[in-house]
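> Dropping the structure in here first, questions after.
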Amino acid sequence: MEKTATLNLRVNPVVKERAENVLSQLGIPMSTAIDMYLNQIALVGGIPFSVVLPKVPASVNADMMSEDELHAKLGRGYADIQDGKVQDAASAFSAFREKHEAIQSRNYRGGAE
């Protein structure tokens, strides 16, 4: 099929760069990826992936909190900081990875210890 139509769009440059990095690893030009996306829209009759709001527990979804609830949570967070109940991101992610790997290992072994 001949390609004669032109699209001019504005996109977030960071998102574009990240997409280009992935596409270059796949060996797919951006124009081909956009063409694939448009073809999928036509084939499935809509966006070819689910477009939904992220599933966030109400306990941490600020959009679902009253102003008083939000201020109370923020107050508890500030109190934790003042009490030294903090952890740097590297340590938090390391602990998460260790816990996740232990769970994966147990699941792989069928739960046998």
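> Ranked from the most accessible area to the least, with a 1.4 Å probe and all protein chains present, what is the order of Leu70, Leu53, Leu38?
On the way: Leu70 60, Leu53 145, Leu38 85 Å².
Ranked from most to least accessible, the order is Leu53, Leu38, Leu70.
> Which lysines, if any, have their Cα less than 21 Å from the Cα of Lys85, not counting same-chain residues under 8 positions apart?
Lys73, Lys99
> Next question, about the same structure. Would you indicate which of (1) 20.1; (2) 15.2; (3) 13.8 is the value of Kirkwood radius over Cα pairs in Å derived from the coordinates of this structure?
(1)
> Any chance you could give the angle, 0 to 90 degrees and rounded to 10, that helix 89-108 forms with the longest Cα principal axis of the chain?
80
> Cut-off 20 Å, label point 7 angstrom out along Cα-to-Cβ of Tyr78: give me the residues of the range 30-66 whose amide nitrogen falls inside.
60-63, 65-66
> Oh, and also: Enumerate the calculated ³J(HN,Hα) couplings along the range 14-19 in order (Karplus 6.51 cos²θ - 1.76 cosθ + 1.60, θ = phi - 60°), each rounded to whole Hz, writing x wherever the residue is Gly or Pro.
Values per residue, Gly and Pro as x: 5, 4, 4, 5, 4, 5 Hz.
> Next question. Residue by residue through the range 21-34, which ³J(HN,Hα) values in whole Hz follow from phi under the Karplus form 6.51 cos²θ - 1.76 cosθ + 1.60 (θ = phi - 60°), with glycine and proline marked x?
Each residue's phi maps through the Karplus curve to give 4, 5, 4, 5, 5, 7, x, 10, x, 4, 4, 5, 5, 5 Hz.
> With every protein chain present, what accessible area does Ser31 have (1.4 Å probe, heavy atoms only), rounded to the nearest 10 Å²?
Here the accessible area works out near 80 Å².
> Can you find, among Pro57, Leu74, Val86, the residue sitting farthest towards the positive end of the charge dipole of the range 35-104, where Lys and Arg contribute +1 and Asp and Glu -1 at Cβ?
Pro57
> Run the dipole for the chain about the Cα centre, Lys and Arg Cβ at +1, Asp and Glu Cβ at -1, nothing else charged, and hand back the magnitude in debye, nearest 20. Don't skip to the end; give the middle numbers.
Working: 12 positive and 14 negative charges, 62 e Å.
Using Cβ point charges on Lys, Arg, Asp and Glu, the chain gives about 300 debye.
> Under a GNM of the chain (C-alpha, springs under 10 Å), which listed residue has the highest mean-square fluctuation: Val56, Val15, Val86?
Answer for the Gaussian network model of the chain: Val15.
The values are calculated or read from the model by the stated rules, or taken from the named source; none is laboratory data. Bear in mind the structure is a predicted one, so any value in this text is a computation, not a measurement. Every residue, glycine among them, receives a Cβ derived from its backbone with ideal geometry; neighbour counts consider all protein chains shown. These accessible areas exclude ligands, DNA and RNA; they are computed on the full protein's heavy atoms, side chains included. Shrake-Rupley method; radii C 1.70, N 1.55, O 1.52, S 1.80 Å.
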